[in-house]
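Okay, so here's the structure we're looking at.
The values are calculated or read from the model by the stated rules, or taken from the named source; none is laboratory data. Bear in mind the structure is a predicted one, so any value in this text is a computation, not a measurement. Because the Cβ atoms are built from the backbone with ideal geometry, glycine has one as well, and the counts that use them run over all protein chains shown. Ligands, DNA and RNA are excluded from the accessible area calculation, which covers all protein heavy atoms including side chains. Shrake-Rupley method; radii C 1.70, N 1.55, O 1.52, S 1.80 Å.
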Amino acid sequence: MLTNDLRKKYLEFFKKKNHKVFPSDSLIPDDPSVLFTSAGMNQFKPYFLGEKKDVTCAVSCQKCLRTGDLDEVGRTAYHHTFFEMLGNFSFGDYFKKEAIEFAWEFITKELNIKKEVLWVSVYKDDGEAYGIWKNHIQIDENRIVRLGEDKNFWPALAPSQGPNGPCGPCSEIFFDNGKNKGCRKDNCNPACDCGRFIEFWNLVFTQFNRVGENKLEPLPQKNIDTGMGLERMASILQQKTSNFEIDILKPAVDFVCDMLKVEKNKKTESLINAIVDHARAATFSICDGVYPSNEDRGYVVRKIIRKALYHAHTLGRKDIFLYTMVDLYAGLMKEPYPEIAAKKDVISKVIQAEEEKFISTLHDAKLQFFSISENLKKEKADTIPADCLFRLYDTYGLPLELSRDMAESISLKVDEQGFNELMLEQKERSRNRSMFDENIFKAQGLTFNESTEFLGYENNEANAKILHLFSTENNSSICIEKEELKDTVEGIIVMDKTCFYPESGGQLTDKGLITTKEGEFLVEKVFKVQDAILHKGKVTKGIISKVSACLAIDLKRRQALKRAHTATHLLQAALRKILGAHVAQQGSLVDEDRFRFDFTHFKALTSEEIEELEDCVNGYILNADKVIKEERSYDEAKQTGALAFFKDKYKDKVRVVSIGNYSKEFCGGTHLDLTSEIGTFFIVSESSISSGIRRIEAVVGEKAYDKVKRLEKIVTTTSSTLRCSVEAVPEVIKQLQDEVKALNDKIKHSNKEKISSKINDILKAKKEISGLSFLAYGFKDIDSGDLVFISDMIRKELGSVFLFLVSESEGKNIFICSVSEDYAAKQIAANKFVPLFKEELSLKGGGRPTLVQGVLTEKRENLLLKVEDCFIKFLQK
């Protein structure tokens, strides 16, 4: 049975059993507690928790991604990072008897698997499940195994070790490969990990609430959560010994073997399978909007791409190729996931960019790694220190997992705990920490039962009641609740209502005043903790106590924020129109009449594209289109095609902002009523912030007008200085540039004539080291271009040579390392020497095997002698 047929058969079977068929959710869950969707039940959490009650029985085939067993992927027949999970669910409807009946019927009647090859396991104390299998299903009791809480309870070990909360026993169904497989012991059963038994379906009976160690109370609503691995069941039905041999993965295995020019055997199988898996995982992750980066989900995608590429490198492939597998997966998965084919060009470009980035640094990273390892061996140490691992990661982009793989290959360990601590420190440093934010309240365990009603969409002023007051002692990060705040004291006010917009969705906070009969409070920042809106600021007059207050926002600031926020919607519409539908928002910052907008794209925008974007957005502004804001259900909004920002979490009711027939987005921000209120729009800059993600910074309204005035002043001042009309400025500047270039060319020609006359003196510094020509020389006031010229002349004179030239030029110490072609072919290469000794010699630069250029990060005494010593060490390596 083909995998696609299995998927359809499962969904149709449960549809006939009155289950609602749900499409696969995104790999990016609506659950901030997890990075990726890792199980079929993730999208049904609101039903399990009783928050939604419109469906009692559901079925799905869910895309999943797990990295907990990353090192096992490829080494075993059944582990994956990306896989599909078939699941049927009951939310207070049916329970154990029906769940077991459904599973048995599907396996034995729909899939025609013989009962004699099926075994089951139950939790050791679950007599109910045991009885159903034995007495109702009538499976031979010799094929029913009772297992402990580590194997047959969810979460594993929950009764004794926690966590508290919903949990329950589970029952697993196994396929028996026969007595001739695995350990071949007579007493072998599913408790044995020898490989004879394949667990393919897990039925979880969520019936308890854990309230303490081994204290389980019955839940008022009992739920069913089942999961069957699609690939694993397909391998059973297709009579394959590995998931990587089934119809949707075997073509990818063959493709990788062909690309790497290797055969699949015991030595290569694990690496080939891992490459196949990781390429598929990256393809689906990027399709769902996760792009390689150094943060959170993006780091996972970066890690699996680089791990796959490193495996290929180990098997002899030195150039990139993973991006070519996207087209293959688009074909293999087109029936259930047509979006892969629709986005394949975009996905390919993202993976290609990441591959190129990694390949460019991998060589240097390996040199650094083995330099570190050689030093450790000399010191008779067996563990690579955390700081070295972090430097390999931070400077060369080498994930910890690859450092660990390389270390294991030469019998070294890695300080993983220390590395993780350094990573945490880096995140803390890079985070823009404020002494007042929601994390302070979380850290202190403070919660708010009240919710603040937001009135700011319709009102710029409001009357409200003060519920809580907080201050800090000596400007510390400890918040202390007070009955009143005195003059000049900084603090936080929580109210029952507010017209102040809290920082959210990239839009910065409103500012303004909170006034009572006794005092005045200047609001500088507004943010949310749970459903409460907190106003941070300072008492500027009198005292503030828990009384009624008048709220008034800074209208000028609010209007400027509205202009900028509405303009981001226009820009995204223009980007998708001009660059393509692959453009998706990756982040934004909305400030007063200025904003930045991060989006997916794979190359720098041309000046023509930037001009076209400005024209398009300004066209939308001139249209004076209405900006329509309305509240809809989440599902209804999605059906209308409204764009959602994947990093934001949405409730059942969402706000949708629509403009003309070109823009429709989920958005809780504040917006104008007409696009014409924006005034005008200018792009200030366009740049790359990471692989596949670009950033545009732009201005609107008053700041756009100021930009026009500044540019006008620059142009008129320039025309006055050049004594020409404004229209003639470009032509006059071009003439002056041509004259300067002609003069510079004369100077350079003269310098080269002087240098040529001194070449014989420079050649006298040549030395023979281990039968190789070596020359190191220092200059003053020679620029990098002339250093290259000198290098070319010396190489022409000597033929074979290793050159290191340094010069003081315009306040900087610059260098070039130049190597003849024949030396480079013997691995005596400039781009190997410089990275290896960059710290010892304070070098920073890059290039190719025959030439590396750069600067000295600090001046070194006796530098040329040290270069000679390093060259000798280099030859010894």
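For segment 774-861, the spherically averaged projection of the C-alpha convex hull amounts to 5.2 nm². If you bin all the Cα-Cα distances of segment 277-391 at 10 Å, starting from zero, the percentages per bin are 13, 38, 28, 14, 6, 1. Here the 3J(HN,Hα) profile of segment 722-732, calculated from phi with Karplus coefficients 6.51, -1.76 and 1.60 at θ = phi - 60°, is 7, 6, 9, 6, 4, 5, 8, 3, x, 5, 5 Hz, Gly and Pro shown as x.
Amide H to amide H, with H built 1.01 Å from N, H468 comes under 5 Å of V494, counting only residues 5 or more places away or on other chains. Accessible area per residue for segment 169-269 is 49 Å², calculated with a 1.4 Å probe on protein heavy atoms, without ligands, DNA or RNA. Here segment 127-285 has 44 percent of its accessible surface on carbon and sulfur atoms, given a 1.4 Å probe and all protein chains in place. Close amide H pairs (under 5 Å, H built 1.01 Å from N) link T680 with G701, residues at least 5 positions away or on another chain. Cα to Cα, under 24 Å, and not fewer than 8 places away if on the same chain: which lysines meet these conditions relative to K741? Those lysines meeting the cut-off are K752, K754, K780, K812. Each listed q (0.16, 0.18, 0.27, 0.31 Å⁻¹) maps to a log10 I(q)/I(0) for segment 489-536 from the Debye sum over equal C-alpha point scatterers, namely -0.41, -0.52, -1.08, -1.33.
Are any of the pairs K53/K653; K562/K603; K97/K151; K767/K873; K109/K638 more than 27 Å apart by Cα-Cα distance, and if so, which? Distance filter (> 27 Å) returns K562/K603; K109/K638.
Find, to one decimal place in angstroms, the Kirkwood hydrodynamic radius of segment 94-215, where the mean of 1/r is taken over every pair of different Cα atoms and then inverted. This gives a value of 15.0 Å. Partner aspartates and glutamates whose Cα lies under 18 Å from the Cα of K546, excluding those fewer than 8 positions away in the same chain, are identified as E450, E453, E481, E483, E484, D487, E490, D496, E518, E520.
Taking 0.36 nm per residue of separation and subtracting the Cα-Cα distance, full extension of the segment from E810 to E739 would add 23.3 nm. For the peptides 750-757, 621-628, 170-177, the ranking by mean Cβ contacts within 10 Å, running from highest to lowest, is 170-177, 621-628, 750-757.
Amide H to amide H distances under 5 Å link L674 with V627, where only residues 5 or more positions off or on other chains count and H is placed in the peptide plane. Going down the table (K261/K377; K261/K366; K517/K538), which pairs top 25 Å between alpha carbons? K261/K377, as the Cα separations exceed 25 Å there. Once the Cα-Cα distance is subtracted from the 0.36 nm per residue extended length, the K52 to N164 segment shows a gain of 38.1 nm.
Could you list, in their original order, any pairs among K15/K307; K349/K629; K746/K796 whose Cα atoms are separated by more than 32 Å? From the list (K15/K307; K349/K629; K746/K796), the Cα-Cα distance tops 32 Å for K15/K307; K349/K629.
Here the peptides 274-285, 658-669 are ranked by packing, the mean other Cβ count within 10 Å, and the order with the highest first is 274-285, 658-669. Expressed as a fraction of 2.2 N^0.38 Å, the value expected for a compact globular protein of N residues, the C-alpha radius of gyration of segment 1-106 is 1.15. Counting only protein heavy atoms and a 1.4 Å probe, segment 285-365 has 36 square angstrom of accessible area per residue. Diffusion of segment 151-242 by Stokes-Einstein, at 20 °C in a medium of 1.002 mPa s and with Rh set to the Kirkwood radius over alpha-carbon pairs, works out to 144 µm²/s. A 1.4 Å probe run over segment 737-877, with the rest of the protein chains in place, finds 56 Å² accessible per residue. Relative protection proxy for 91-99, 258-266, 325-333, from highest mean packing down: 325-333, 91-99, 258-266 (other beta-carbon atoms within 10 angstrom).
Modelled this way, with points 7 Å down the Cα-to-C-beta line, the labels at S633 and K15 are 2.1 nm from one another. Excluding same-chain neighbours fewer than eight residues apart, the aspartates and glutamates reachable from K766 by a Cα-Cα span under 12 Å are E797, E868. Only Cα sites of segment 480-615 enter the Debye sum here, all with the same form factor; the resulting log10 I(q)/I(0) across q = 0.10, 0.11, 0.16, 0.21 1/Å is -0.46, -0.53, -0.82, -1.17, listed in q order.
A simple rule links phi to the HN-Hα coupling: the Karplus curve 6.51 cos²θ - 1.76 cosθ + 1.60 with θ = phi - 60°, which for segment 258-275 gives 5, 5, 8, 6, 10, 9, 7, 9, 4, 7, 9, 4, 5, 6, 4, 4, 5, 4 Hz, with x for Gly and Pro. Across all Cα pairs in the chain, the calculated P(r) in 20 Å bins from zero up to the longest distance comes to 11, 33, 36, 17, 3, 0 percent per bin.
Taking a Cβ cut-off of under 15 Å around E727, the surrounding Lys, Arg, Asp and Glu residues balance to a net charge of 0, with basic ones at +1 and acidic ones at -1.
Couplings 3J(HN,Hα) of segment 554-561, computed from phi: 6, 5, 4, 5, 4, 5, 5, 5 Hz, in residue order, whole Hz [Karplus 6.51 cos²θ - 1.76 cosθ + 1.60, θ = phi - 60°; x for Gly and Pro].
Along its principal axes, segment 127-185 has C-alpha extents of 42, 30, 14 angstrom, given from the largest down.
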